[in-house]
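I have placed the structure first, in the form of structure tokens, so that the comments after it can refer back to it.
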Amino acid sequence: MQSFLDEIRAAIAAETGLEEPKLERPRDPSMGDAAFPCFVLAKERKAAPPKIAQELETALNARLNRIEAKATGPYLNFTIERALLAESVLTAITEAGASYGTSSEGEGKSIVIDLSSPNIAKPMSVGHLRSTVIGAAIQRIHNALGYKTIGINHIGDWGSQFGKLVAAVNRYGDTVDLENDPIPSLLKLYVRYHEEEEDDPTLGEEAAAAFRELESGVDGPVRATWKKLTDLSLVEFDKIYARLGVQFDLVRGEAYYESHLEKTVNRIVDAGITEESEGALVVDLSSFGKIPPCLLRKTDGTTLYATRDMAAVFHRWEEFSFERCLYVVGGDQRLHFRQMKHVLDRMGLDWEPRVEHIDFGMMRLPEGKMSTRKGRVVFLDDVLDAAAAEAKRVIEAKNADLADKDATAEMVGVGAVVFNDLKRERVKDIDFKLEEVLSFEGDTGPYVQWTHARLASIERKVGDVTEAPDWSVLASAAPILGAMGRYSDVLRSAARNAEPSEITSFVLSLARDVNSWVAQERVLGQEPAVTAARLALVQGARQVIGNALTLLGVGAPMEM
Ligand code: ARG
């Protein structure tokens, strides 16, 4: 069944010739279920919006069935007959099930998403967690709209610090347990090397020589050691990705672009926009305001993070002809991405606007309280462990008979951390407070998960109902139905803005409304046609909440 919003849009389109008429939500829900602002037609019709609304009212009422149009000032408000609203929304949800809300509008278009991208030999930071969680949600949202998406983990595995690391492993490798505790060990070696280098300049030369060998491409012992520490780090990162349920289409570190660097630099030079500055090769960006030049090659001939990102973006464009290339990276790299875009702009590449920095704010962990386990530096794992343990404690207290408590605790604990990360506009900073994140009341993941389980439990209690629903009894659920009918619009907007928080807000408000509705309306023990209609609402809401949680990367438990 066509959703009522599509029906209204189609009628407006047929009447006005507008290609994609935009519908809004009336500020006051009693005014209607959807509103069309008539301002967009003022120019072409040479009339004031209220007059246009008046004219359209009659025409649209003639076109629409069981949907009433009413002009109110410059708006045309639409009210769907209550029974039709319930029937159309709930039938659409039942028919589509897990794909409710999805569409194929992105078909044939590719979206590249650069996400997570931690640095080898270092613990994954909370910033990388945010990138992983936000990036993966953005990818799932685009998948739901039919886009082809390519999630790329742009691992930080190149740069002069790797010369130092290789040299450090050579010198002191046997003083640590690299295999079993790779990241803290590498961190320790790096720090020690750094310290001893101050008294012994030969160490600096050794590190430089190792990096030169690495950059030369020689497949010798240096490269073998570099490869080993890369692999060891990736195994550690994979443990976190597994807990978050995140996979990548490509794990392509900076090193991957090593063989592209020369032609990348040449291409920018050939565009005629580079200059020498104290022996280094730079692109001047002063025409864009007060912004430092983009450094492509240092005096000693080595390349930089920016050079490798230029190589990557050219390669991605050649490989995928992307509709958008989204870099999910913290706001502290704003300058870097501005410089990169300005270079593309100066090169005259018309696809420059497709490259977007999807920035986000900082997450502050409480100092001390959730500090690192002794000797273990990968504190992300600790955050997830702490969350799962706390979830287990709450489950023990609330539902000790639950069948698989550990699995549910992991789903709730990890889900809580993920939901918390996606709940505000991404540019906002977050103060991470475990008690708040895990609260079963309030704007949290566990609250939404609990709502999902609550609805599932009602469904189990009611069982199958064969009677046809009496849709007219769902009048009190009109705001819930209206919201669920708008779900695909929410997905579309969340994709356009690369803003998963639009889905978290949606699902939080849906959960709140459904919980108050459930507290007022009994499902069991009614006339069968009434039970059937209310059960359909419960099922529909559970499905939509479940679909939304899945897109966010949060598990939807049937019981908790
Ligand atoms: N490894 C970088 C860091 O941790 C992030 C890389 C982001 N992606 C990119 N293409 N620059 O700071």
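Scanning the stretch 68-80 for residues that are on the phi < 0 side of the Ramachandran plot, surrounded by fewer than 17 Cβ atoms within 10 Å (Cβ to Cβ) and not polar (S, T, N, Q) yields E68, K70. Considering the stretch 416-435 alone, what residues qualify as being within 18 Å of I138 (Cβ to Cβ) and in a loop (DSSP other than H, G, I, E, B)? Those that are within 18 Å of I138 (Cβ to Cβ) and in a loop (DSSP other than H, G, I, E, B): K423, R424, E425, R426, V427, K428. For the stretch 225-258, residues that are surrounded by 18 or more Cβ atoms within 10 Å (Cβ to Cβ) and at positive phi total 0.
So which residues in the stretch 288-339 are assigned to a loop (DSSP other than H, G, I, E, B), within 13 Å of the ligand (Cβ to nearest atom) and closer than 17 Å to I150 by Cα, if there are any at all? Scanning the stretch 288-339 gives a single hit, V329. Filtering the stretch 340-369 to residues that are assigned to a helix (DSSP H, G or I) and either touching an Asp or Glu at 6+ places or on another chain (Cβ under 6 Å) or crowded, with 16+ Cβ neighbours inside 10 Å (or both) leaves M340, K341, H342, V343, L344, D345, R346, E352, R354.
The single residue among Q520, Q449 that is at pLDDT 95 or above and crowded, with 20+ Cβ neighbours inside 10 Å turns out to be Q449. State whether the residues of the stretch 34-57 include one that is within 20 Å of S476 (Cα to Cα) and of a type outside the set (A, V, I, L, M). No, that holds for no residue. Across the stretch 98-153, the qualifying residues are those that are polar (S, T, N, Q) and within 12 Å of the ligand (Cβ to nearest atom), and the one among them that is farthest from the chain's Cα centre (by Cα) is N119.
Within the option set D219, D177, being over 29 Å from L380 (Cβ atoms), within 39 Å of the chain's Cα centre (by Cα) and assigned to a loop (DSSP other than H, G, I, E, B) holds for one residue only, D219.
Counting residues that are more than 30 Å from Y327 (Cβ to Cβ), which helices (runs of 4 or more DSSP H) fully inside the stretch 468-560 reach at least 1? Counting at least 1 such residues, we get 478-485, 501-520, 528-552. Here the condition is being small (G, A, S), without any contact (Cβ under 8 Å) to a residue 12 or more places away in the chain and surrounded by fewer than 22 Cβ atoms within 10 Å (Cβ to Cβ); of G173, G204, it holds for G204 alone.
Among the residues of the stretch 403-413, those that are surrounded by fewer than 23 Cβ atoms within 10 Å (Cβ to Cβ) and either among the aliphatic types (A, V, I, L, M) or within 18 Å of L508 (Cα to Cα) (or both) comprise A403, A407, A409, M411. On the given criteria, is A475 modelled with pLDDT of 95 or more and over 26 Å from I395 (Cβ atoms)? When the stated conditions are applied, A475 does not pass them. Scanning the stretch 334-378 for residues that are under 23 Å from R424 (Cα atoms) and modelled with pLDDT under 65 turns up E367, M370. No other residue among V222, V191 is β-branched (V, I, T) and surrounded by fewer than 13 Cβ atoms within 10 Å (Cβ to Cβ) apart from V191. Of everything listed in (1) out of contact with any Pro (no Cβ under 8 Å at 6 or more places or on another chain); (2) under 30 Å from L422 (Cα atoms); (3) not hydroxyl-bearing (S, T, Y), the single unmet condition for D345 is (2). N170 fulfils the conditions (1) at pLDDT below 95; (2) within 20 Å of R316 (Cβ to Cβ); (3) more than 15 Å from the ligand (Cβ to nearest atom) except for a single criterion, (2). Within the stretch 452-475, residues that are among the acidic types (D, E) sit with their Cβ atoms under 6 Å from residues that are part of a helix (DSSP H, G or I) and surrounded by fewer than 17 Cβ atoms within 10 Å (Cβ to Cβ), at 6+ positions apart or across chains, in these pairs: E467/P528; E467/A529; D470/A529. For the stretch 424-443, the count of residues that are crowded, with 21+ Cβ neighbours inside 10 Å and modelled with pLDDT under 95 is nonzero. Cβ-Cβ distances below 7 Å connect no pair with a first residue in the stretch 528-554 that is without any contact (Cβ under 8 Å) to a residue 60 or more places away in the chain, a second residue that is of a type in the set (A, V, I, L, M, F, W, C), and a separation of six or more residues or different chains. Name the residue, out of T274, T307, that is modelled with pLDDT of 95 or more and under 31 Å from the mean Cα position of the chain (by Cα). Criteria check complete, one pass: T307.
The values are calculated or read from the model by the stated rules, or taken from the named source; none is laboratory data. Everything numeric in this text was worked out from a predicted model, so none of it was measured. Cβ: placed from backbone, ideal geometry, glycine included. Neighbour counts: every protein chain shown.
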